[in-house]
Amino acid sequence: MENKSIITDILFSSLSGMTAKLFEHPFDTVKVRLQTSNQYLNSVDCFLKTLKNENLLAFYKGLSIPLFGTIFEMSVSFTSYNYFQKKLKSYYNLKHSDQLSIKLLSLSVEFVKCNLQVQTHSSNLLSPLQLINDTVKNNGFVGLNGTLLRVSIGSAAWFGSYEIVCKYLSKNKTSKNDLNSLELMTAGAVAGMTYNAAFFPADVIKSRLQTQNSKSFIKVAKSIYSESGCKGFFRGFSITVLRSAPSSALIFSIYELLNRNLSL
């Protein structure tokens with residue numbers, strides 16, 4: 001049964017992620033162009049110039065790699081998220097139908113997931129709660145890879161805000177399973193906006209690093225600030241938040257509805 005559950009998570013999360021990626025890629029293309037060039041006034045100007053100087057297919061440049069990559073991204077995210085929910089319920093002697101607290105859902109699960117993924121010696125693997133205690137006691141947060149920390153906190157914000165909205169919308173219902181499509185999409189939209197808004201300046205720097213020769217995060221940050229001041233770290237912010245709302249709405253709603261109706 002556990003293997004079937006994992007297969008279901010992989011299949012449904014991959015389908016939902018690929019569907020959302022097809023929708024969001026044109027917005028992402030505009031966002032990256034805004035972040036890496038000063039030739040555009042805003043998102044609309046970038047869209048119109050790209051459409052005029054190139055064609056509609058220009059908005060789908062580079063789609064194949066993220067479309068393929070989202071299979072792994074969504075599979076890891078949803079599978080590990082659901083797996084550690086089960087482990088935490090077992091640890092606290094909770095029933096399968098019981099709901100974990102928002103604190104455990106948004107903090108513990110994602111923190112544990114990311115740290116377990118970087119352990120290399122399977123014979124010395126720690127339990128999730130042992131790992132948290134050991135890490136905080138001995139090292140705090142010192143030494144954690146910056147990228148790993150960003151992804152961990154970002155994913156916690158993504159899943160956490162989704163669960164918070166679902167909990168609010170289902171307060172007069174039996175459970176989250178009673179939420180309709182519109183309610184699931186609303187929760188997903190809020191999750192997407194929360195995730196992207198929280199780390200947008202870092203995303204701007206990342207885009208510059210990926211398209212320029214510099215390998216220094218600090219140098220790129222200083223360069224952006226000297227060029228445009230604080231507003232430079234928010235180029236493409238509106239279109240990113242705009243596309244993240246329907247994108248995450250699709251991911252969560254498709255995943256939840258597939259699980260309800262087509263579980264293996």
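Brief remarks follow.
- Multiplying the residue separation of HIS96 and ILE7 by 0.36 nm and removing their Cα-Cα distance gives an extension gain of 30.2 nm.
- Distance in nm between pseudo-label sites at LYS52 and LYS86 (7 Å out along the Cβ direction from Cα): 5.6 nm
- LEU258 paired with TYR168, simple spin-label distance in nm, labels 7 Å along Cα-to-beta-carbon: 2.8 nm
- For the set LYS167/LYS231; LYS89/LYS176; LYS87/LYS173; LYS31/LYS61, the pairs lying more than 24 angstrom apart at their alpha carbons are LYS167/LYS231; LYS87/LYS173.
- Alpha carbon centroid spacing (whole Å) that separates the stretch 216-251 from the stretch 168-188: 31 Å
Coordinate-derived values only; no laboratory data. Just so it is clear, the model here is predicted, and its values are computed rather than measured. Don't worry about glycine lacking a Cβ; one is built from the backbone with ideal geometry, like all the others, and counts go over all protein chains shown.
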